[in-house]
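One structure is given below, encoded as structure tokens.
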Amino acid sequence: REHPHTLRAMLDFSFPEDGGIPVEQVEKAEEIVKRFKTGAMSYGSISEEAHKCMAAAMNHLHGKSNSGEGGEKPERLGTEYNSAIKQVASGRFGVTEEYLLSAQEIQIKMAQGAKPGEGGHLPGKKVYPWIAETRYATPGVSLISPPPHHDIYSIEDLAQLIYDLKNANRAARISVKLVSEAGVGTIAAGVAKAGAQVILISGHDGGTGAAPISSIHHAGLPWELGLAETHQTLVQNGLRSKVRIETDGKLMSGRDVAIAALLGAEEFGFATAPLITMGCAMMRVCNLDTCPFGVATQNETLRKRFKGKPEYVENFMLFIAQELREIMAKLGVKTVDELVGRSGFLKLKDKPAASRAALLDMTRILPEHENAVHFEPDQVYDFHLEKTVDEKELLPAFERYTKKNKDEIPGETVNLLGKTLAVQSTDRSFGTILGSEIQKKYRGNLPDDSFEVECHGGGGQSFGAFIPKGLTLRLTGDANDYFGKGLSGGKLSVHPDSKFKGNAGENIIIGNVALFGATGGEAYINGIAGERFCVRNSGAVAVVEGCGDHGLEYMTGGTVVILGPTGRNLAAGMSGGTAYVFDEKHDLYKKVNKQMISMEEISTEHDRQILHHLLEKHLAETGSKTAKKILDDFDGAVQYFKKIIPNDFKKMVQEIARAEKNGLTRNEAVMEAFKVVTKAAG
């Protein structure tokens, strides 16, 4: 007797009476597996051995593995262990220009099928030093992925992120991961109009190793529902041929893949099954770092037990493809493209396995008229990047320089244009394409300020997003939201026009969510920033004259100096890095979120030197009157500064210093400190 627990278990194939076609006429398994992907499991949630094993397997098959949201070691990029899909999630861990350039597909994770709307959590005991380094975080400190992306609060914001990522890697497809839920078709239509080239519908059965038990049992919907709704809605709105649809969530057989294709999917994700082929026995201890098979652990002793090999994953994928071929042959279908949306090949089983199963209404999944429409490459969304200032002005200038100077690294600063360039608010993601070409050519080996571009006017959204080390953008004027998003080692400065007669320290000069997810570089801002300044900063140095609410939120690294007033909820969720705030009115304590941080006086010479140095740089870059005033009486002004430092970060720094004092090398000291901190935390 069968006990169906999925919607697809209630369906059967409606095979034609002529018996179909010989299997030899069906698309080869080697071609079908190019549509297969492994699920987004981060380096951190699973071991390096498991992560590399899946990447190698999928690269051998010319399919795609997914990095997950934990970044990827730079030494893997461009090798057989490079994940073809790079994920960008709300935590932005390890999202650098180098990381994005290594992708064939960049996936924006809006939510996860097994726990929609919940964000993510990597326990501190799994944040080993090598994981922290890859994620630009602090060893031993738990890492939170917020439920929302802090640069996405509308479909227009999502469109901007899609555009940013396309500028960062023009060769990559941009994918958006949605979850199966009521109304997902409408959301998918908006995502398609926003420029996504792939839409993933994730079912509730996926990601259970990283989901709370309450979510596993009560959240999410089957992929069959969301997939059918998405496919049908896109067809009705004339958008289906512009995007590929992918689905995942416990796809375990060729039958599952065939049903997914008939409901509208063209690409297919597998996660649980590949883990099992590599040795996972579903012990359900993924969050405890005690996986006995070396799959979901960072413990070096347990990782030695990992027995997986790429060929195990490859064989599984090929078996799935072969089973799919056999079903296609019986249906008389030669290619997967011919299978997509052909829901007429599906029917309800003649005899329901249970009495209550007969009560289900499946007409929304199996519509009366099938919609056999699939992606057409010539109808893909056109971003018109040839119209950007980068492609019209900046790239030609860079190409002229490199043609003349070959691979020579500039010995002094090169002003690419030799003039000041006028910019306006429609010039979105300014400098990002140029930055991607600089990263490709010089691989992050340039000195600071090797190339600079002088600008004047109102910078558009995402001014300087993801720019790498060696590129400096200087703006006289102001800038919109997302200034310096994902800054990857470059330098940004912005200051008012000389004609401005007001007080820069009292006027907003850049918009909201500046330096979100920055991993390195510098930013000097002669004015006030909007809300969520430096959210999830994990390595950049920034000086600003004031900021709005929720500044420094979820910060994991870097140094920030704030020379003026702040909004409320400062430093909420801050787990790394340091901030120095000028608290002239002694009211900062009212605005700081004290849950994870401590507030101190500037008491050490080391802190004084850092602060003085950054003030000098800020003055040199922007001509800040506030910085000059403080520097003119630094000894008197320093008493008004407060140092904000996360408690766990402070403990880690102290333990590392103690271990180094005992004669350990830096790497040995970090590992020793990690053991001490995590043991103390229980």
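The values are calculated or read from the model by the stated rules, or taken from the named source; none is laboratory data. Everything numeric in this text was worked out from a predicted model, so none of it was measured. Counting neighbours? That spans all protein chains shown, and the Cβs are built from the backbone with ideal geometry, glycine included.
Taking the criterion of being of a type in the set (A, V, I, L, M, F, W, C), closer than 30 Å to G573 by Cα and not in a helix (DSSP H, G or I), would at least one residue in region 437-451 satisfy it? Checking region 437-451: not a single residue is of a type in the set (A, V, I, L, M, F, W, C), closer than 30 Å to G573 by Cα and not in a helix (DSSP H, G or I). Of the residues that sit in region 626-682 and are outside the structural domain of T556 (by TED's automatic domain parsing) and among the hydroxyl-bearing types (S, T, Y), which one is nearest to I562 (Cα to Cα)? Residue satisfying both the conditions and the ranking: T678. With respect to the conditions (1) among the acidic types (D, E); (2) within 26 Å of L492 (Cβ to Cβ); (3) more than 33 Å from the chain's Cα centre (by Cα), E600 falls short on a single one, namely (2). Using the structure shown, decide if L614 is in contact with a Leu (Cβ under 8 Å, 6 or more places away or on another chain) and not charged (D, E, K, R). Against the criterion (in contact with a Leu (Cβ under 8 Å, 6 or more places away or on another chain) and not charged (D, E, K, R)), L614 does not qualify. Restricting attention to region 468-480, does a residue exist that is more than 14 Å from F430 (Cβ to Cβ), at pLDDT 95 or above, under 19 Å from the mean Cα position of the chain (by Cα) and not hydroxyl-bearing (S, T, Y)? Yes, that holds for at least one residue.
Note on region 338-359: residues that are within 19 Å of A260 (Cα to Cα) and in contact with a helix residue (DSSP H, G or I) (Cβ under 9 Å, 6 or more places away or on another chain) total 11.
When you scan region 232-261, how many residues do you find that are β-branched (V, I, T), surrounded by fewer than 24 Cβ atoms within 10 Å (Cβ to Cβ) and in contact (Cβ under 8 Å) with a residue 60 or more places away in the chain? Total satisfying the criteria: 1. In the set (1) of a type outside the set (A, V, I, L, M, F, W, C); (2) surrounded by fewer than 17 Cβ atoms within 10 Å (Cβ to Cβ); (3) within 14 Å of the chain's Cα centre (by Cα); (4) over 30 Å from F674 (Cβ atoms), S154 fails one condition alone, (3).
For the subset of region 419-441 comprising residues that are farther than 16 Å from F463 by Cβ and touching a strand residue (DSSP E or B) at 6+ places or on another chain (Cβ under 9 Å), which member is surrounded by the most Cβ atoms within 10 Å (Cβ to Cβ)? Among those residues, the one meeting the criterion is Q439.
For region 316-337, filtering for residues that are out of contact with any helix residue (DSSP H, G or I) (no Cβ under 7 Å at 6 or more places or on another chain) and either of a type in the set (S, T, Y) or more than 18 Å from R255 (Cβ to Cβ) (or both) leaves 2.
Kindly check whether there is at least one residue in region 405-420 that is among the aliphatic types (A, V, I, L, M), in a helix (DSSP H, G or I) and free of Cβ contacts under 8 Å to residues at least 60 places away in the same chain. There is no residue in region 405-420 that is among the aliphatic types (A, V, I, L, M), in a helix (DSSP H, G or I) and free of Cβ contacts under 8 Å to residues at least 60 places away in the same chain.
Between N371, N405, the distinction of being at pLDDT below 95, crowded, with 16+ Cβ neighbours inside 10 Å and out of contact with any Pro (no Cβ under 6 Å at 6 or more places or on another chain) belongs to N371 only. Being small (G, A, S) and over 28 Å from P146 (Cα atoms): is that true of S603 here? Yes, satisfied.
This table checks each residue for (1) part of a helix (DSSP H, G or I); (2) more than 19 Å from the chain's Cα centre (by Cα); (3) not acidic (D, E).
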residue: F15; (1), (2), (3): no, yes, yes
residue: G20; (1), (2), (3): no, yes, yes
residue: E27; (1), (2), (3): no, yes, no
residue: I32; (1), (2), (3): yes, yes, yes
residue: A50; (1), (2), (3): yes, yes, yes
residue: E72; (1), (2), (3): no, no, no
residue: Q87; (1), (2), (3): no, no, yes
residue: R92; (1), (2), (3): no, no, yes
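Name every residue in region 1-27 that is without any contact (Cβ under 8 Å) to a residue 40 or more places away in the chain and either touching a helix residue (DSSP H, G or I) at 6+ places or on another chain (Cβ under 9 Å) or polar (S, T, N, Q) (or both), in order of residue number. Across region 1-27, the qualifying residue is only E24. For beta carbons closer than 7 Å, sequence separation of 6+ or different chains, a first residue in region 428-450 that is at pLDDT below 95 and a second that is surrounded by 16 or more Cβ atoms within 10 Å (Cβ to Cβ) and basic (K, R), the qualifying pairs are G444/K469.
Can you find even one residue in region 285-307 that is buried (at least 18 other Cβ atoms within 10 Å of the Cβ) and within 17 Å of L251 (Cα to Cα)? Within region 285-307 (the criterion being buried (at least 18 other Cβ atoms within 10 Å of the Cβ) and within 17 Å of L251 (Cα to Cα)), the answer is no, since none of the residues qualifies.
Evaluation of A57 against the conditions (1) within 29 Å of G517 (Cα to Cα); (2) out of contact with any Leu (no Cβ under 9 Å at 6 or more places or on another chain); (3) aliphatic (A, V, I, L, M) shows that the sole unmet condition is (1).
Each row is one residue, and each column tells you yes or no for (1) assigned to a helix (DSSP H, G or I); (2) surrounded by 20 or more Cβ atoms within 10 Å (Cβ to Cβ); (3) out of contact with any strand residue (DSSP E or B) (no Cβ under 6 Å at 6 or more places or on another chain).
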| residue | (1), (2), (3) |
| --- | --- |
| S603 | no, no, yes |
| H606 | yes, no, yes |
| Q609 | yes, no, yes |
| H613 | yes, no, yes |
| H618 | yes, yes, no |
| K629 | yes, no, yes |
| D635 | yes, no, yes |
| K643 | no, no, no |
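The criterion of being outside the structural domain of A529 (by TED's automatic domain parsing) and either assigned to a helix (DSSP H, G or I) or not hydroxyl-bearing (S, T, Y) (or both) does not hold for V581. Close contacts from region 312-340, counting a first residue that is at negative phi and touching a residue at least 12 places away in the same chain (Cβ under 8 Å) and a second that is surrounded by fewer than 24 Cβ atoms within 10 Å (Cβ to Cβ) and among the hydroxyl-bearing types (S, T, Y), with Cβ to Cβ under 6 Å and a gap of 6+ residues or different chains, come to Y312/T277; V313/T277; F316/T277. Of the numbered criteria (1) buried (at least 22 other Cβ atoms within 10 Å of the Cβ); (2) at pLDDT 95 or above, the one G190 fails is (1). Among the conditions (1) surrounded by fewer than 24 Cβ atoms within 10 Å (Cβ to Cβ); (2) assigned to a loop (DSSP other than H, G, I, E, B), G486 misses just one, which is (1). For region 349-387, a residue qualifies if it is of a type outside the set (A, V, I, L, M, F, W, C), in contact (Cβ under 8 Å) with a residue 40 or more places away in the chain and not in a helix (DSSP H, G or I), and the qualifying residues are K349, D350, P352, R364, P367, N371, H374, E376, Y381. Taking the conditions exactly as written (within 18 Å of L471 (Cβ to Cβ), among the hydroxyl-bearing types (S, T, Y) and outside the structural domain of E69 (by TED's automatic domain parsing)), does T559 satisfy them or not? No: the conditions fail for T559.
Quick grid of which residues meet (1) closer than 26 Å to T247 by Cα; (2) surrounded by fewer than 23 Cβ atoms within 10 Å (Cβ to Cβ):
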{"residue": "K115", "(1), (2)": "yes, no"}
{"residue": "W130", "(1), (2)": "no, yes"}
{"residue": "E133", "(1), (2)": "no, yes"}
{"residue": "P147", "(1), (2)": "yes, yes"}
{"residue": "L158", "(1), (2)": "yes, yes"}
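Answer yes or no: is there a residue in region 212-231 that is among the hydroxyl-bearing types (S, T, Y), under 29 Å from D12 (Cβ atoms) and crowded, with 24+ Cβ neighbours inside 10 Å. Scanning region 212-231 turns up at least one residue that is among the hydroxyl-bearing types (S, T, Y), under 29 Å from D12 (Cβ atoms) and crowded, with 24+ Cβ neighbours inside 10 Å.
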